[in-house]
Amino acid sequence: MPEDNSVKILFRFYSDILEEETTETLLAEIENKEYGYYKLSGIPFYAPKIATDDIVWAEYNEMEGILTYRKTVQPSGNSTIHAIILDDGYDINAICKFLDDMGCTSEKFNQNYFALQVPANIDYFPIKRKLDELEKEGILDYAESCLSEKHEYKNISFGN
């Protein structure tokens with residue numbers, strides 16, 4: 001029987017979205033157990049400055065009873081975008097499908113909030129253009145919670 005390579009890692013951080021100290025638990029795969037290196041496999045819903053496929057260092061915390069994030073040791077180049085639907089009449093599924101069709105991966109938290117992963121090999125320019133357009137129309141608001149260096153040069157606003 002193959003060994004389960006999945007673990008849960010606890011992240012503690014101040015959330016600008018929630019405006020309070022909070023935690024989030026993310027799934028990861030063991031990259032190097034001896035060094036405490038793990039590769040994130042889930043899209044963070046709130047945790048800032050991390051993205052899917054980042055290699056992180058985590059240690060087991062006796063008091064928490066779980067692996068706890070210490071630092072990112074190798075960024076993946078992926079970006080994480082958090083978005084909230086402001087217009088209740090707008091279908092979150094349509095937005096997520098459109099972004100998925102552009103090569104991104106999205107996960108819904110509920111009917112108004114989703115997290116988006118922009119892979120390192122995807123051009124962020126058309127995605128940002130669409131997000132800015134939806135924001136300008138009052139349909140959604142978004143935050144570039146983890147914008148990788150691969151996408152930063154395209155971090156321009158189309159709303160002005």
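The values are calculated or read from the model by the stated rules, or taken from the named source; none is laboratory data. If you're wondering where the values come from, they're calculated on a predicted model, not measured in any experiment. Heads up, the Cβs are rebuilt from the backbone with ideal geometry, glycines too, and the neighbour counts pull from every protein chain shown. To get the accessible areas, we keep the full protein, side chains included, count just its heavy atoms, and leave off ligands, DNA and RNA. Shrake-Rupley method; radii C 1.70, N 1.55, O 1.52, S 1.80 Å.
Taking Asp123, Asp53, Asp101 in turn, the Gaussian network model of the chain (Cα-Cα springs below 10 Å) assigns the largest fluctuation to Asp101. Counting only protein chain heavy atoms and rolling a 1.4 Å probe, the accessible areas of Leu18, Leu40, Leu86 rank, largest first, as Leu86, Leu18, Leu40.
Its Cα centre serving as origin, the chain has a Cβ charge dipole (Lys and Arg +1, Asp and Glu -1) of approximately 380 debye. In the complete set of protein chains, residue-level accessible area for Lys8 is approximately 120 Å², probe 1.4 angstrom.
The candidates Glu144, Glu19, Glu29, arranged from most to least accessible area with a 1.4 Å probe in the full protein assembly, appear as Glu19, Glu29, Glu144.
Less than 5 angstrom separates the built amide H of Ile139 from none of the residues sequence-distant by 5 or more or on a different chain. Relative to the longest principal axis of the Cα atoms of the chain, helix 124-136 runs at roughly 60 degrees. Solvent-accessible surface of the stretch 3-49, averaged per residue with a 1.4 angstrom probe and all protein chains in place: 64 square angstrom.
Protein-only accessible surface at a 1.4 angstrom probe places the residues Tyr35, Tyr90, Tyr14, Tyr124 in the order Tyr35, Tyr14, Tyr90, Tyr124, largest first. Entry comment: accessible area of the stretch 61-160 is 55 Å² per residue, from protein heavy atoms only and a probe of 1.4 Å. The mean sequence separation of alpha-carbon pairs under 8 Å and at least six residues apart, normalised by the residue count of the chain, gives a relative contact order of 19 percent.
Report, to the nearest 10°, how far helix 92-101 tilts away from the longest principal axis of the Cα atoms in the chain, using its own Cα long axis and a range of 0 to 90°. It is inclined by approximately 80 degrees. To the nearest 0.05, how large is the calculated FRET efficiency for Tyr142 and Asn5 if R₀ is 25 Å and r is the Cβ-Cβ distance? The pair Tyr142/Asn5 has a calculated efficiency of 0.20.
Shown for the chain: lysine pairs separated by 8 or more places, or found on different chains, whose C-alpha atoms are under 21 Å apart, numbering 27. Summing +1 for each Lys or Arg and -1 for each Asp or Glu, what net charge is found among the other residues whose Cβ lies under 9 Å from the Cβ of Trp57? Charge balance near Trp57 sits at +1. Apolar share of the accessible surface for the chain: 47 percent from carbon plus sulfur atoms, 1.4 Å probe. From its DSSP helices (H runs of at least four residues, each -39,500 (n - 2.57)), the chain gives a residue-normalised ellipticity at 222 nm of -5000 deg cm²/dmol. Here the 3J(HN,Hα) profile of the stretch 74-86, calculated from phi with Karplus coefficients 6.51, -1.76 and 1.60 at θ = phi - 60°, is 8, x, 7, x, 6, 10, 10, 10, 10, 9, 10, 7, 9 Hz, Gly and Pro shown as x.
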